Amino acid sequence: MSNLTSTIRGDYPLNTFEIVRDLWQQMAKIICDRSSSTCGGEVRLVTNAQLQCHPESAISDSDTLAVISLQNSPQFSLLQSDSFQALLTGTLIERDNSQQIAIEISFEPTSIDEFIQPLLDYLPSTVGLIADPNFTNNCELQSCFTQLLLNAIVKSNSPTVSMCSERELHLQAQVEQANLLNNIITQIYQTLDLSVILQATVERVQTFLRADRLIIYQFDFGAEGLGDARVARPCRRDFTTYTGTGRVAYESLGAAELDSVLNITEHQDCFDDPQLWQRYREGMSRAIDRVDLEYAKNECMLELMARSQIKSKLVVPIVVKSELWGLAIAHQCHSSRHWQPRETQFLQQVAEHLALAIDRTELYNDSLWHTQDLEQRVSERTQDLRDAVIVAQTANQSKTEFLALLSHELRTPLTSILGLSATLLRLPLLNLTERQQHYIQIINNSGEHLSELIDDILDFYKLEFGKTFLKVSEFSLAKSIEQIVEVVKPKAEIRKINLEVQIIKDGSELTQDDGRDLRFCGDPQRVRQILLNILTNAIKFTPAHGTVLVRAWSEDGYAVLEVEDSGIGIESEQIPRLFKKFHQLNHNFDRDFGGMGLGLAITQQLVELHGGSIEVDSIVGSGSTFTVRLATQPLQVSDRNDWQAMGQTLVFQDPELNPVPNRIVLLEQDEEIANFLCDILTAARYQVTWLLSAESSFRQIAMFEPDLLIIDLALDAQTVDRSIGNIRKSSTIGEVEILALATKDDIISPISKQYVDDYLWKPINPEQLLRKITKLLSD
Ligand code: ADP
C-alpha cells in the first residue's frame, strides 16, 4: 500500500498547540490499544521535555547544532508505532502584535526521518525510535487521526479561522474529505457485498469531487472475473491471461443529460503506451486536465474521449495484492478541469480502501466457495454412503433370507433323517442286523452333527446381527454344570477321559451330599451353551486317560466357570486368534473332530452378552485352562408362554408303556414331516390322523375327538390362528391339548401364545416329541 503522505500547516492561537498535543496523547492510547490487540507493537511518544533531560555529552558533533536548535525553538511531539508515525511541531511567531504558534503536522516519512536522525544519538536507545525514510503509515489510522485533528483545530480556532477564509475552505475540504473517507471505510467494513460497496463509493466520490462522471473500470480476467461472481469459483487474477480489456462496471453521473458509459470497453489498440498497464500496476495515477492536448496525436483516443464527452480525467489504479484489478476514473465533461493534487491523493486513498475491500470479499468468496464445495462433496459422499447402506441392507436382508432358508430347507430333510433313523433304531420288530443298525447309527450321528453345525451358523449370525437376547432367570449353576457334564460324559468315557466337577462356595468345595448348589441370574440355556462349547473342546483336545476338570464359584457379582484340561495345549501366539470366527488351529485333532471354528466365537459373544469375559491360559503339551466370568444379570419378567419357561423337567415315559392309546390329530402340510411323525407316533401306539388343514376338516376333527392336536406353525400365520382359535372355541371338539411345531426363528402370534400348550422345536427330536406328548397328556 502506498503511503498517504501529507502535511498540515497553519498559524493558530497559543492554546491550540496544547489542544493538539492532548490529541497526540489520545492518539497514542488508541494506537496502543489497537497494537496490543493485534500485533503487540509498542508506541513511542517523544517530546522536547525528554531532550532537556539528557546530557549534551552524548550528542555527536555533527548533530549538536540541530539538537540545540530543537531544544531552543520549536515545541514538538513525535508519535511512532510500528504502523503509524506523525510529527507535531509548533514555533512561536509574532502576528498583528500578538503571539501565535505556527503548527505543522507531518506524516511525511522523509521529513520525519530527517527530524529523527539527529535525535537518535541523543536519546537513549530504549526509547526505540526508528528512522526510516520509507516508513508506510496505516491509512486507516492516518485518516482517523487527520479527522480528529482537523475537528479539534477548527473547533478551537473559529474566530481566528474566520479571518482567513482561504485556509478555512482548505481545512473544511480536508475535514469533509477525511469524513467521507471515514464513511467509506465504515461502509466497507459493514458489508461483504462488493457491488454495493463499489456502487455506493462511486456515488459518494462523484458528489464529493463534483465530477461529471465517476466510473470504475474493471479489467477482464476471463469471464468469471467480471462483476460480483459470488457463487462461481472465485477467479484469481492472472496476468498471463490478461488482455488489457475490461468494461465499465460501476458508474455515477453528476448530470442527467450525460451519456452513460456503463459496460463500455476501452479498446487497448488505442493505448499507444505499452508500459501503461505495468505503470498503473505499480501505482501510477494520471491527472489529465485536457484530453485534447494529451491525446492530440492519438486519433483513436480522441474519438473515444469525444464519444463519452470527456474533457478532463483523473485516473487512479485499484491494485489488489500487487495486481491491477481496475481503475477509478473521474470524468469532467462540460469543461476541462485542473485536478488538484489533494483530489488525486483523495482518489488514491479511496482506491486503496477499495482494493482492501475487494481483497477481503475475494477471500470471503473463496472461503464461501470452499464451504459450498465442501458441502457439495459432503452431500455427495453422504449419498454414496446412503447407497452403500442400502446395498449393505439389501445384502443383509439376503443374508437373513438365506439364514431363514437354511433353517427351513436344511432342517426339514434333516428332521426326516434324524427322526426316521432314530425310529428305525427303536423299532425292535424290524429285526435289523448289527451291521444295518451300525449304518443307521452312523446316519443318525451324522444328522446330529449336521444339525449342530446348522445350529452353530444360525447362532453365530443371530449374535452378529444382535438378534440374540438373554432370557434371564435365576437358576442353579451347579445343576446346569451337572446337566452339561451328563451330556458330554459319553464322549469322555469313549475317550477314557476323567471328568471332574468342583463347586466351590466360601472357599471350600461342596460335595454332592451337601446338596451342592450355586445360584446365578443369567440365561440358563446360554450359560449351558457356553459350558458345553468349552467342555466339548476340552474333551476333544485331551488325549486318552487325560483329565478335564470343571470348577465353578461366585465372586463379586460374577459367576466364574473354569475348565481345565490336561490336553495338547495351545501356543501362546495362537491364543488371540482362538475367538476369531471360522478359525481352527492347524493340528490333526481339528481334522479328526470336524467343526467350523465357530464354537469359541459364539462362546465369546455369549459371554459378552452376559457382560463377562473369557480368558485362556495354556502350555503346549500340558493343557489349557479356559476361565469364564459372567456378570449377574438383572431379572426380567418372564413370558408365561415362552418356550423356555415350559417343560423343563419332563419325565420321559417309555411310549411302549403307553397304557391308553390316545388320539392325536396332526395338521401338517409337509408330507415328509407328516410321514415321519406318523411313523413315530404310531410306533409309540398313538392313534394318529393326519390332516392338511383344519378348516376343511373341522367335522372330522370333532368326530375323532382328539386328546392332542399337533400343528405346524410353518402354515401361514392366518390359517394357524384361525385353526387354533376355532378348535379352542369349539364346543364339539372338547378339551384338547395343542402342541405346536416351530423353528426357533418363527414368530409366534399372540393367538398361538394364548392357545398353544407347548412347543417342539425343529429339527424334531423323537425322544423329545414323545416326552412332551406324554407330559401334555398326563397333566
Ligand atoms: P470348533 O467349533 O471348530 O471346535 P472352536 O472355535 O470351538 O472351533 O475352537 C477353535 C480352535 O481352538 C479349535 O479348532 C482348536 O484348534 C482350538 N482349541 C479350542 N479349545 C482347545 C483346547 N481346550 N485345547 C486345545 N485347543 C483348543
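Looking only at the stretch 671-681, which residues are touching a strand residue (DSSP E or B) at 6+ places or on another chain (Cβ under 8 Å) and closer than 16 Å to residue 777 by Cβ? Write out each step before concluding.
Going residue by residue through the stretch 671-681, those that are touching a strand residue (DSSP E or B) at 6+ places or on another chain (Cβ under 8 Å) are 673-674, 677-678, 681.
Selection gives 677, 681.
Which condition number does residue 354 fail, the rest of (1) part of a helix (DSSP H, G or I); (2) open to solvent by 30 Å² or more (accessible area, probe 1.4 Å) being met?
(2)
Going residue by residue through the stretch 733-741, is there one that turns out to be of a type in the set (D, E, K, R), assigned to a helix (DSSP H, G or I), over 29 Å from residue 402 (Cα atoms) and in contact (Cβ under 8 Å) with a residue 12 or more places away in the chain?
Filtering the stretch 733-741 for residues of a type in the set (D, E, K, R) gives 735, 737.
Those still in the list that are assigned to a helix (DSSP H, G or I) too: none.
Within the stretch 733-741 (the criterion being of a type in the set (D, E, K, R), assigned to a helix (DSSP H, G or I), over 29 Å from residue 402 (Cα atoms) and in contact (Cβ under 8 Å) with a residue 12 or more places away in the chain), the answer is no, since none of the residues qualifies.
For the stretch 555-569, which positions are touching a strand residue (DSSP E or B) at 6+ places or on another chain (Cβ under 7 Å) and more than 15 Å from residue 607 (Cα to Cα)? Can you show your working first?
Here is the first cut: in the stretch 555-569, the ones touching a strand residue (DSSP E or B) at 6+ places or on another chain (Cβ under 7 Å) are 557-567, 569.
Hits for the stretch 555-569 are 564, 565, 566, 567, 569.
Report whether or not residue 191 is out of contact with any strand residue (DSSP E or B) (no Cβ under 9 Å at 6 or more places or on another chain) and modelled with pLDDT under 85.
Values: out of contact with any strand residue (DSSP E or B) (no Cβ under 9 Å at 6 or more places or on another chain): yes; modelled with pLDDT under 85: yes.
So residue 191 passes the test.
Give me the residue from the stretch 751-779 that is acidic (Asp, Glu) and either part of a strand (DSSP E or B) or touching a residue at least 60 places away in the same chain (Cβ under 8 Å) (or both) and, out of that set, least open to solvent (accessible area, probe 1.4 Å).
Of the stretch 751-779, the ones acidic (Asp, Glu) are 757-758, 767, 779.
Adding the requirement that they be either part of a strand (DSSP E or B) or touching a residue at least 60 places away in the same chain (Cβ under 8 Å) (or both) leaves 758, 767.
On the way: 758: 9, 767: 90 Å².
Applying the filter and picking the extreme gives 758.
Of everything in the stretch 702-741 that's among the small types (Gly, Ala, Ser) and surrounded by fewer than 20 Cβ atoms within 10 Å (Cβ to Cβ), which residue is modelled with the lowest pLDDT? Walk me through it before giving the result.
Of the residues in the stretch 702-741, the ones among the small types (Gly, Ala, Ser) are 702, 714, 717, 723, 725, 730-731, 734, 740.
In the following step, the residues that additionally are surrounded by fewer than 20 Cβ atoms within 10 Å (Cβ to Cβ) were identified as 702, 714, 717, 725, 730-731, 734.
Values: 702: 73, 714: 81, 717: 77, 725: 82, 730: 75, 731: 68, 734: 73.
Looking at the filtered set, the residue picked out is 731.
Determine the pairs where a residue that is open to solvent by less than 40 Å² (accessible area, probe 1.4 Å), located within the stretch 528-545, has a partner that is more than 7 Å from the ligand (Cβ to nearest atom) and assigned to a loop (DSSP other than H, G, I, E, B) with Cβ atoms under 8 Å apart, the partner being 6 or more residues away or on another chain.
Going by the 8 Å Cβ cut-off, the qualifying pairs are 539/495; 539/497; 542/495; 542/497; 542/566.
Just to confirm my filter: which strands (runs of 3 or more DSSP E) fall fully inside the stretch 501-582 and include at least 2 residues that are within 16 Å of the ligand (Cβ to nearest atom)?
Working: elements: 508-510, 519-522, 547-555, 558-565.
Hits in the stretch 501-582: 547-555, 558-565.
Tell me, which residue of the stretch 596-645 that is at pLDDT below 85 and of a type in the set (Gly, Ala, Ser) is nearest to the ligand (Cβ to nearest atom)?
597
Checking residue 491 against (1) touching a residue at least 24 places away in the same chain (Cβ under 8 Å); (2) open to solvent by 70 Å² or more (accessible area, probe 1.4 Å); (3) assigned to a helix (DSSP H, G or I); (4) more than 16 Å from the ligand (Cβ to nearest atom), only one condition comes out false. Which one?
(4)
Determine which member of the set 93, 101, 112, 130 is modelled with pLDDT of 85 or more and either within 19 Å of residue 24 (Cα to Cα) or loosely packed, with under 13 Cβ neighbours inside 10 Å (or both). Break it down stepwise before answering.
Details: 93 fails: modelled with pLDDT of 85 or more; 101 fails: modelled with pLDDT of 85 or more; 130 fails: modelled with pLDDT of 85 or more.
When all the criteria are applied, what remains is 112.
Run residue 462 past the list (1) more than 26 Å from residue 541 (Cβ to Cβ); (2) in contact with a strand residue (DSSP E or B) (Cβ under 7 Å, 6 or more places away or on another chain) and report the number of the one that doesn't hold.
Unmet for residue 462, out of (1) more than 26 Å from residue 541 (Cβ to Cβ); (2) in contact with a strand residue (DSSP E or B) (Cβ under 7 Å, 6 or more places away or on another chain): (2).
Is there a residue in the stretch 419-441 that is in contact (Cβ under 8 Å) with a residue 12 or more places away in the chain, in a helix (DSSP H, G or I), within 16 Å of the ligand (Cβ to nearest atom) and aliphatic (A, V, I, L, M)? Even if it seems obvious, please write down each step before you answer.
Quick first cut of the stretch 419-441, residues in contact (Cβ under 8 Å) with a residue 12 or more places away in the chain only: 419-427, 437, 440-441.
This time we only want the ones that are in a helix (DSSP H, G or I), so: 419-426, 437, 440-441.
In the following step, the residues that additionally are within 16 Å of the ligand (Cβ to nearest atom) were identified as none.
No - not one qualifying residue is present in the stretch 419-441.
The values are calculated or read from the model by the stated rules, or taken from the named source; none is laboratory data. Source: prediction; values computed, not measured. Positions of Cβ are generated from backbone atoms using ideal geometry, with glycine treated the same way; all protein chains shown enter the neighbour counts. We work out accessible area using only protein heavy atoms, side chains counted, and drop any ligands, DNA or RNA first. Shrake-Rupley method; radii C 1.70, N 1.55, O 1.52, S 1.80 Å.
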